[in-house]
Amino acid sequence: MWTTASAARTRAAHSIFRMSRRQAVSATADHAEERTNPASRLGFEPGQVVQEIGYDDDVDQDLREGIESIIGADLVDEDYDDVADGVVLWFRDEDGDLTDALVDAIGLLEDGGVIWLLTPKTGRDGYIEPSDINDAAQTAGLSQTKSIVVAKDWAGTRLATPKR
């Protein structure tokens, strides 16, 4: 097989093109983290205090452990008597009044803190209509900023407190 300078340049150009295409579709570290720890999508950071409300035997343990892994500490429970940087509120339709639960959660937050309202996904026991979540959030004075699937059976709605 003989090689000309032109053929060598062509092979080099094709090689560079293939490498650039491979890099364009490779996963970033952030995407890899999201696949291995879905809690990374919630935006919690190391050192934050996150209070958990509404814990029951149906919560997603992997998500809980993922949050604890990120913040570097255990989630604090409903008896915690100081303000928290964030609240994870597991809530099901049969848990009572959502607006009341949100108002109670606001009182537990540091200024600028967020509430992640975790509700059963569509078709699961305890499902809550998105319009009911929106109404309760607005009544409680919260802004709905994001909705995502956080676990196999749970959806998450990020609720922000008003800026003071």
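Net charge in the neighbourhood of Asp56 (other residues with Cβ under 10 Å of its Cβ; Lys, Arg +1, Asp, Glu -1) is -2.
Starting from the coordinates of the alpha-carbon atoms of the range 41-107, obtain the Kirkwood hydrodynamic radius over all distinct pairs and give the value in Å to one decimal. Computed over Cα pairs of the range 41-107, the Kirkwood hydrodynamic radius comes out at 12.6 Å. Considering only the other residues whose Cβ falls under 12 Å of the Cβ of Glu68, what net charge follows from Lys and Arg at +1 and Asp and Glu at -1? Once all neighbours under 12 Å are counted, the net charge is -3. Rolling a 1.4 angstrom probe over the range 70-112 with all protein chains present gives an accessible area of which 39% lies on carbon and sulfur atoms. Three semi-axes describe the equivalent ellipsoid of the range 50-164; taken as square roots of 5 times the Cα gyration tensor eigenvalues and ordered largest first, they are 19, 18, 12 Å. Other residues within the sphere of radius under 15 Å centred on the Cβ of Thr122, judged by their own Cβ, net out at -1 (K and R +1, D and E -1). Taking GluC sites (Glu not before Pro) across the range 71-164, the ones in a DSSP loop with at most 14 further Cβ atoms lying within 10 angstrom of their Cβ are Glu78.
The values are calculated or read from the model by the stated rules, or taken from the named source; none is laboratory data. Keep in mind that what you see is a predicted model, and the values were worked out from it rather than measured. Virtual Cβ from ideal backbone geometry, glycine too; neighbours counted across all protein chains shown. Each accessible area value is taken on the protein alone, full model and side chains, heavy atoms only, with ligands, DNA and RNA left out. Shrake-Rupley method; radii C 1.70, N 1.55, O 1.52, S 1.80 Å.
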